[in-house]
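Chemist: My questions will all concern the structure given below.
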């Protein structure tokens, strides 16, 4: 174990350099009040204590505390990721967080390192500094007043559904360019371009009402993220072409429109994974085949 932690020292140092340095307080009880607040709120959302259970919100709050240097939050993130609690299971990323916490004197994290193997060599996304302003931000800066107001509506509603606002904005921007009256050749309607069947499925009675349409689109997006266990590319492909098409093709369908759509969403969102609520739906029955096929292609 000592040799493992020594080998990981340079990796951990990179991460610690990217976040606020943490004081050595193990066992002293002295810690910033903000860490405790973030952590307690995260635990409430993780376990549904006094609030609706929301793994995505818990993950985001733990990330804030972990980035600030809280070893307990780093341990909790490792636990969520090692067990696939609302986020894709990834032992290497879990080991990364356990290692950071262990090097700060967190004994349970040190014990967990025995079960998760070697850590990722990449700094986890939630510890990284945000990228420079992207094309999406530039688009919004140049948008009309109505478009900006509708973008604000999307940003305000997204967290209610456990969706990161940037992903919701990427979908709305790509689907309709924030046009609440948009109608496609396939009769997809409104801001989030819901086909009539999807509108009925998610209880949207007035598809051209911006708030109803956005809520329906966000509910569908939440469902897809759970169905594809947080994989953004598969979720985007399914939003564009339907989850049935993704299942049939065991991945992103070979349609030029869908492949371009997925590329644009990933360029805007800049991440390949998103927290999800596993209680929303069972995973796609084809997901193991999709992941195996993707692994073969990568190798």
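Chemist: Among the residues of region 248-269, write down those that are surrounded by 15 or more Cβ atoms within 10 Å (Cβ to Cβ) and in contact (Cβ under 8 Å) with a residue 24 or more places away in the chain.
Modeler: Once the filter is applied, which keeps residues that are surrounded by 15 or more Cβ atoms within 10 Å (Cβ to Cβ) and in contact (Cβ under 8 Å) with a residue 24 or more places away in the chain, region 248-269 yields 250, 251, 261, 262, 264, 265, 266, 268, 269.
Chemist: Being crowded, with 19+ Cβ neighbours inside 10 Å, free of Cβ contacts under 8 Å to residues at least 60 places away in the same chain and under 14 Å from residue 229 (Cβ atoms) is the filter here, so list the residues in region 77-93 that pass it.
Modeler: 80, 81
Chemist: Evaluate region 94-112: report whether one residue or more is assigned by TED's automatic domain parsing to the domain that holds residue 53, without any contact (Cβ under 8 Å) to a residue 12 or more places away in the chain and in contact with a helix residue (DSSP H, G or I) (Cβ under 8 Å, 6 or more places away or on another chain). Please lay out each step first, then the result.
Modeler: Residues of region 94-112 that are assigned by TED's automatic domain parsing to the domain that holds residue 53, as a first pass: 94-112.
In the following step, the residues that additionally are without any contact (Cβ under 8 Å) to a residue 12 or more places away in the chain were identified as 107, 111.
Narrowing the set further to residues that are in contact with a helix residue (DSSP H, G or I) (Cβ under 8 Å, 6 or more places away or on another chain) leaves none.
Among the residues of region 94-112, not one is assigned by TED's automatic domain parsing to the domain that holds residue 53, without any contact (Cβ under 8 Å) to a residue 12 or more places away in the chain and in contact with a helix residue (DSSP H, G or I) (Cβ under 8 Å, 6 or more places away or on another chain), which makes the answer no.
Chemist: Among 238, 233, 219, which is within 15 Å of residue 171 (Cβ to Cβ) and buried (at least 24 other Cβ atoms within 10 Å of the Cβ)?
Modeler: On the way: 233 fails: buried (at least 24 other Cβ atoms within 10 Å of the Cβ); 219 fails: buried (at least 24 other Cβ atoms within 10 Å of the Cβ).
Just one listed residue meets the conditions, 238.
Chemist: Same structure again: With the requirement that a residue be touching a helix residue (DSSP H, G or I) at 6+ places or on another chain (Cβ under 6 Å) and either under 12 Å from residue 80 (Cβ atoms) or modelled with pLDDT under 80 (or both), what does region 38-56 give you? Please lay out each step first, then the result.
Modeler: Of all residues in region 38-56, those touching a helix residue (DSSP H, G or I) at 6+ places or on another chain (Cβ under 6 Å) come to 38-39, 41-42, 45-46, 50-51, 54.
Selection gives 42, 45, 46, 51.
Chemist: Here is a follow-up. Name the helices (runs of 4 or more DSSP H) wholly inside region 228-285 in which the number of residues that are under 28 Å from residue 58 (Cα atoms) is 3 or more. Give the steps one after another, and end with the answer.
Modeler: Values: elements: 232-241, 243-249, 256-269.
Fully inside region 228-285 and qualifying: 232-241, 256-269.
The values are calculated or read from the model by the stated rules, or taken from the named source; none is laboratory data. Everything numeric here is computed off the predicted structure, so don't read it as measured data. Using ideal geometry, Cβ is built from the backbone for each residue, glycine included, and neighbour counts are taken over all protein chains shown.
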